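Notes follow once the structure below has been shown.
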Amino acid sequence: MLTPQIAIFLILAAVAVAGAVSLILQRHPIHSALSLIVVMVALAGLYLLQGAEFIAAVQIIVYAGAIMVLFVFVIMLLNAGEEERTNLSRMARFVGVPLSVVFLAEVAFSIGRATSRLSAAAVTTVSTRELSSLLFRDYVFPFELTSFLILIALLGALVLARREGTD
Amino acid sequence: MNELAAQHPLLVVSLPKIVILLFVLLTALAYLTWFERKVVAHIQSRWGPYRVGPHGLLQPLADGVKFLFKEDVTPAAADKFAYFLAPFLALSLAITSIAVIPFGPKQLTIFGQTTPLGIANLNIGLLILFAITSLGVYGVALAGWSSNSKYPLLGGLRSSAQMVSYELALTMSVVGVVLMAGTFNLSELVTSQDGFYWGIVPRWNLIATPMPQILGLILFFVAAVAETNRAPFDLAEAESELVAGFHTEYSSFKFAMFFMAEYSSMITVSCLATILFFGGWLSPFPQTRLFGWTHFIPAAAFAAAGLALVAHGVRYLTLFGRVVLPVLGIALCGLAILCGQPGVIDFVQGPFWFLLKIMVFLFIYVWVRGTLPRFRYDQLMNFGWKVLLPFSILNVVATSLAIVLAQK
């Protein structure tokens, strides 16, 4: 029973997982960053599939369009080269693979147990209007508090980045 | 056929629309280069392209052929994957963004399926547009980095910093318009500007109550020129300092792809400025009996242009021009007759005014390029962060206040 929705979901999910795997496997930081962008755009597609248009657009604008641009910018600015293999990263291959398999199994098990008790949720499109009235009316205090936190982090970064002696 | 259309609307209705729009857009891109060269030439008291075809009209074709047949050089030290990806990314993103633009109010009916004039009518059209443009920076950044060469890297760094900085002002400058219309849907943004003050002045967002968005328009256009890396903000490719900036190492059709991406974003920005501030496809004249004659403006404009072209063409320098220009003129007259037909006349109103407004913006783009000197980099950053951004925030605050006061 392959409806278009399921087909699109499978394609996007495959792209997201492939991007995530490629992110780990790529040796060059720029290629890793590009893989991460692929993951984010695929996630935006998944949000869209769930009817969350606004979140999908914001996902691309903020994560893919702003944050990852800064990542790429810094990598370009520092001209970071390919990562080198050290003794520690060889060890990671022997310990990391079994650990990640265990972790994946754990996640799959708990998701499987949780979803067996859930019924399929109806996909409803959440309009931007509803979302914004939730954010700016019902949850305005936590929302503003979060932005305040981000502002503090920003100021902290500014203070740390400023050189000693300059005003 | 109707049944097929009902079963597969995507295949029968959307696909032809996409193909037609792509064809029109690519032709428009080609002739936009001709238009720019002509206008800049006349600003500088030159003739511009004149030799290839009458008035250089076949110049874009010659350029295209040249791009295709040039040797495609890849630098030996380039990062091959990113080097190939960058122009592809730049062009495909620039072209994709045109898909959400509505070109007119009329619904087309193809094989019993009604469909909007434009490819997609989305609830969050404006946001999707910004999402796509915000990804456009990767084309430039990757091109600069992957060439593995000094000047491209500097150009790429410059323009990614520039595009990230000006994107803020660009997004903030349209918030005023969105607040007044209360929607992100581009079609609804246009219809919200329908109506007239005192029965004569159009209610476009530029001059609409409660808060005319003149400041918004200026901020939007300046930020958009910077966002599309055009003069006077073309520091990414400042030829006096950086050879050609981020695309120095690109040749042949890969270079052409960057070129086309730049012109395509110009068209998108002009469309957006028209939709947001100038009432999109809405006619500047009220639809009353007194102004009934304005329905014939498209037909009259095409007829006048066609007749002028015929009159000019028969006296042209070359024999080739004496054939081609009158034929073009007669074709325009034919279009004029078609636009005067009942049924067609209502349909062409929207697209006609929309295209006219877009062309005004494209002219301003070229005009600015032909007259203003390039910014220095520190001036650019100061201007973006210390002038554009504060003013765009001011615009948001003032508009919100005006709306709240008007509701009381």
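Observations on the structure shown:
- Prolate/oblate/rounded call for the stretch B:126-279, Cα gyration tensor, a/c under 1.5 rounded: prolate
- Extreme residue, positive dipole direction of the protein assembly as shown, given options A:29, B:56, A:59 (C-beta unit charges): B:56
- For residue B:108, distant residues with modelled amide H under 5 Å away: B:115, B:117
- The stretch B:277-341: C-alpha gyration tensor shape, a/c 1.5 cut-off, then a/b vs b/c: prolate
- Selection of chymotrypsin sites (Phe, Trp or Tyr not before Pro), the stretch B:169-265, meeting DSSP coil and at most 10 other Cβ within 10 Å: B:198
- Estimated [θ] at 222 nm from DSSP helical runs (n ≥ 4, -39500 (n - 2.57)) normalised by residues in chain B, nearest 500: -20500 deg cm²/dmol
- About the centre of its Cα atoms, chain B shows a dipole size close to 780 debye [charges on the beta carbon of Lys, Arg (+1) and Asp, Glu (-1) only; nearest 20 debye].
- Virtual paramagnetic centre 7 Å along Cα→Cβ of residue B:344, amide N under 20 Å, in the stretch B:267-299: B:293-299
- Normalised convex hull volume, the stretch B:124-167, alpha-carbon set, Å³ per residue: 41 Å³
- Around the amide H of residue B:201, modelled in the peptide plane, lies no amide H under 5 Å away from a residue 5 or more places distant or on another chain.
- Label point at residue A:3 placed 7 Å out along Cα→Cβ; residues across the stretch A:32-75 whose backbone nitrogen lies under 20 Å: A:45-53
- Charge dipole (debye, nearest 20) of the stretch B:113-263; +1 at Cβ of Lys and Arg, -1 at Cβ of Asp and Glu: 120 debye
- Dipole magnitude of the protein assembly as shown, debye to nearest 20 (Cβ charges: Lys/Arg +1, Asp/Glu -1, about Cα centre): 740 debye
- Stokes-Einstein translational diffusion, the protein assembly as shown - Kirkwood Rh over all Cα pairs, 1.306 mPa s, 10 °C, in µm²/s: 59 µm²/s
- Residues of type lysines that residue B:357 reaches as a straight line, Cα spacing below 21 Å, ignoring anything fewer than 8 places off in the same chain: B:38, B:106
- Modelled label positions at residue A:100 and residue B:296, each set 7 Å beyond Cα in the direction of Cβ, lie 7.4 nm from each other.
- Solution diffusion estimate, µm²/s, Stokes-Einstein, chain B, Kirkwood Rh from C-alpha pairs, 4 °C, viscosity 1.567 mPa s: 56 µm²/s
- The convex hull built on the alpha-carbon positions of the stretch B:192-339 has an orientation-averaged projected area of 13.8 nm².
- Other protein chain Cβ atoms within 10 Å, averaged over every residue that makes up B:152-159: 1
- Between amide H atoms placed 1.01 Å from N, distances below 5 Å from residue B:213 occur with B:206, B:207, B:208, all of them 5 or more places distant or on a separate chain.
- Whole-Hz couplings from phi, Karplus 6.51/-1.76/1.60, listed for the stretch A:30-45; x for Gly and Pro: 5, 5, 5, 4, 4, 4, 5, 4, 4, 4, 5, 5, 5, 5, 4, x
- Comparing B:251, B:97, B:45 in a Gaussian network model of chain B, where Cα atoms under 10 Å apart are tied by springs, the biggest mean-square fluctuation is seen for B:45.
- Mean separation of Cα contacts under 8 Å, 6 or more apart, over the residue count of chain B: relative contact order %: 21 percent
- Dipole orientation for the stretch B:40-105: of the candidates B:94, B:83, B:47, B:47 has the Cα lying most toward the positive pole (charges on Cβ; Lys, Arg +1; Asp, Glu -1).
- In the protein assembly as shown, taking the dipole from charged Cβ atoms about the Cα centre, the farthest positive-side position among B:339, A:99, B:379 is held by B:339.
- Residue A:162-residue B:393 FRET efficiency (beta carbon distance; Förster radius 25 Å; 0.05 resolution): 0.55
- Gaussian network model of chain A, Cα within-10 Å springs - most flexible of A:73, A:143, A:109: A:109
- Mean sequence separation of contacting Cα pairs (under 8 Å, at least six apart), scaled by the length of the stretch B:31-169, corresponds to a relative contact order of 20 percent.
- Estimated inter-spin distance, residue B:107 and residue B:406, nm [label 7 Å along Cα→Cβ]: 2.9 nm
- Modelled spin labels at residue A:82 and residue B:45, positioned 7 Å past Cα toward Cβ, are 5.8 nm from each other.
- Number of partner chain Cβ atoms within 10 Å, mean per residue of B:130-137: 6
- When the Cα gyration tensor is reduced to axis lengths a ≥ b ≥ c, the ratio a/c is 1.5 or higher for the stretch B:151-238, and with a/b above b/c it is classed as prolate.
Only the coordinates and a few stated rules stand behind these numbers; no lab work does. For clarity, every value in this text was computed on a predicted model and none was experimentally measured. Don't worry about glycine lacking a Cβ; one is built from the backbone with ideal geometry, like all the others, and counts go over all protein chains shown.
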